[in-house]
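Working notes, beginning with the structure itself.
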Amino acid sequence: MKTDLDIAREAQPIPINEIASGIGLTSDDIIPYGRLIAKLPIGLQKSIADRPDGRLILVTAMTPTSKGEGKTTTTIGLGQALAAIGKKVMIAIREPSLGPCFGFKGGATGGGYSQVLPMEAINFHFTGDLHAVTMAHNLLAAVIDNHLHQKNEPQLSPRKIVWKRAIDMNDRSLRSIIVGLQGQGTNGVMREEGFEITAASEVMAVFCLASDLNDLKERLGRIIVGYNDLSQPVTVSDLGVHGAMTALLKDAVAPNLVQSIEGTPVLVHGGPFANISHGCNTLIATRMALKLADYVVTEAGFGADLGAEKFFDIKCRIGRVTPSAAVLVVTRRAVALHGIENVKKHIENIGRFNVPVVVSINRFVDDDRDDLADIQRMLNGLGIPSLITDYRESGGSGGLDLAETVCRYCDERAPFTFLYDLDQPLEQKVRTIAERMYGASGIELSSAAKRDFERLETLGFGNLPVCIAKTPASLSDNPKLPGRPSGFTLAVAGARVSAGAGFVVVYTGEIMTMPGLPRKPAALSIDVDEGGNIIGLF
């Protein structure tokens, strides 16, 4: 069987100016990064603002297995299928992080004949967006430590700093460190510190939820870096560095235009964590795509209990965009682990937002077609529309019926609704999500969580949406509970505010923001041949 890299190498990509022309853009509307990549300048938003919005299609999934269910492959394949049936379509997805590329997951540009090109460039460095986010994050970290060293105003307590450093790599040794060692104070104030991966940075979350350059700067300024001795927040604007951080991000904020293996235009832009953040590509890219195409296919991280809920309640709310339909990715191996009731629960959950949904039963190459047909019969027996797709092996032609069905669902628009109102207390918002999305019988707040909620509401953050950080391996907060668990209580450990991004992160357990490498990381298989070609990337 050919690898993704083999298939990508055999492809004959179209020059990027021709891809741009296909969505009505001229050479003056793009900033080329070589022959196959371009950026769409942020000013393009104004020139296309009066155009009607296309239909927004979200691709999400049932509760996944540890290997993933092919959500990105389905997203790209569905986009190609829509193009094949004559629709003007664009795809909008996240940028890969270098950490997972060299770790366990490998590349993140889809798979087989439903992937994005140039595959190696997108997975490694691309246009430098993630590096820009990393540098903006670490500029702030350096200014914080200098602020402490110089004893500048406003006063900032070394023990109450909440801002870590960032690197776009899996490195468990950096989770907890000490800075300011030796030098009798000349190296700064000695204190505990740590790193998080760039995808977990609040700068990344801000980057992905900003509507334009000015909004980006304002949001960066609202980020809380720590607290003074009276527990009053100190922000980036208090330190005066939000302008410089914006300067580092001014080019990165322009979305990246590339193409799928079948020449469908794709915007690859931004890449926030799907746990402590909202797990979607940038709002700017999504909005541009909606103005440039009649159908936009996008995705959200993890299963629908995390990804879809955050997409609807956070991204759609903040960005004022309305989804037209959702596709739920289901696989044989995930059904074997979690059962059909898990699929049914996710269908019910998406329906709570009044978003029509259709199931894509994603075929892997070693799947028995009779097994897939059995899953389809079970779902159809429950009144759940489902189609078997084979986007990895067949490209867009592997799911034309799904594309036709999704188009019909897009035309049956119901009034989109959110799961909760912003004026509800934080505890009530969490309870609503736990009971209605996860199937919990209730929630249990730790004493720390109670204090966090009270403090955040006193500080004026009680009217923000909530971003629940929990395991993606279960509908519950226990990764060892597969299927559709019931009767459990969601244990809330604590909360913090991402004031720049505009949501409150609620923790239901220990959430890792700096992954480690596996025993045999993917990096051990990656090399460069004599012709300068990357090999071993999967």
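Packing around the peptides 378-384, 109-115, 180-186, taken as the average count of other Cβ atoms within 10 Å per residue, puts them in this order, highest first: 109-115, 378-384, 180-186. Of Lys164/Lys310; Lys2/Lys470; Lys46/Lys164; Lys67/Lys450, which pairs sit farther than 32 Å apart, going by alpha carbon to alpha carbon? With Cα atoms farther than 32 Å apart: Lys2/Lys470; Lys46/Lys164; Lys67/Lys450. Sparsely packed loop sites in the range 414-512 (the trypsin sites (Lys or Arg not before Pro) outside DSSP H, G, I, E and B with at most 14 other Cβ atoms within 10 Å) comprise Lys480. In straight-distance terms, cross-link reach from Lys160 covers every one of the lysines whose alpha-carbon lies under 17 Å from its own, apart from those fewer than eight places away in the same chain; here that gives Lys151. Counting only lysines at least 8 places from Lys39 when in the same chain, those with an alpha carbon closer than 24 Å to its own are Lys87, Lys88, Lys217, Lys250, Lys291, Lys315.
From most to least packed by mean Cβ count within 10 Å, the peptides 22-31, 268-277, 94-103, 62-71 give 268-277, 94-103, 62-71, 22-31. A cut-off of 5 Å between modelled amide H atoms, ignoring neighbours fewer than 5 places along the same chain, links Ile388 with Ile361.
Taking 37 °C and 0.692 mPa s as the conditions, I'd like the Stokes-Einstein D for the range 426-507 in µm²/s, using the Kirkwood hydrodynamic radius from alpha carbon pairs. For the chosen part, D equals 255 µm²/s.
Candidates Gly226, Gly307, Thr65 compared by Cα position along the dipole of the chain: farthest toward the positive end lies Gly226, with charges placed on Cβ. Per-residue 3J(HN,Hα) values for the range 379-384, derived from phi via the Karplus relation 6.51 cos²θ - 1.76 cosθ + 1.60 with θ = phi - 60°, read 5, 5, x, 8, x, 9 Hz in sequence order (x marks Gly and Pro). Taking the charge dipole of the range 426-507 about its Cα centre, with +1 at Lys and Arg Cβ atoms and -1 at Asp and Glu Cβ atoms, the residue from Pro485, Ala448, Ala499 reaching farthest to the positive side is Pro485. Given a Förster distance of 41 angstrom, what is the FRET efficiency for Ile48 paired with Glu435, based on the Cβ-Cβ distance and rounded to 0.05? It comes out at approximately 0.50. For the chain, the longest principal axis of the alpha carbon atoms and the long axis of helix 340-351 meet at an angle near 70°.
Compute the distance from the alpha-carbon center of the range 105-179 to that of the range 1-78, in whole Å. The distance from the Cα centre of the range 105-179 to that of the range 1-78 comes to 25 Å.
Whole-percent P(r), the range 129-249, all Cα pairs, 5 Å bins from 0: 2, 11, 22, 23, 20, 14, 6, 1, 0, 0.
If you take the C-alpha gyration tensor of the range 463-511, multiply each eigenvalue by 5 and take the square root, what semi-axes do you get, largest first, in whole Å?
Over the Cα atoms of the range 463-511, the ellipsoid semi-axes are 24, 10, 9 Å.
Which FRET efficiency value, to the nearest 0.05, do you get for Lys250 and Ser486 by plugging their Cβ-Cβ distance into 1/(1 + (r/R0)^6) with R0 = 45 Å? My answer for the efficiency is 0.35.
Approximating the spin labels as points 7 Å out from Cα along Cα→Cβ, the Ala373-to-Ile177 distance works out to 5.8 nm. The range 201-266 and the range 448-464 have Cα centres separated by 23 Å.
Ranked for footprinting exposure by Cβ neighbours inside 10 Å, fewest first, Cys280, Cys208 give Cys208, Cys280. Full extension of the chain segment joining Gln184 with Lys151 gains 10.3 nm, where the gain is 0.36 nm per residue of separation less the Cα-Cα distance. Sorted largest first, the principal axis extents computed over the alpha-carbon atoms of the range 367-464 equal 55, 30, 27 Å.
Values quoted throughout were computed directly from the atomic coordinates according to the rules given, and no laboratory measurement underlies them. Since this is a predicted model, take the numbers as computed values, not measurements. So basically every Cβ, Gly included, is an ideal-geometry build from the backbone, and we count neighbours across all protein chains shown.
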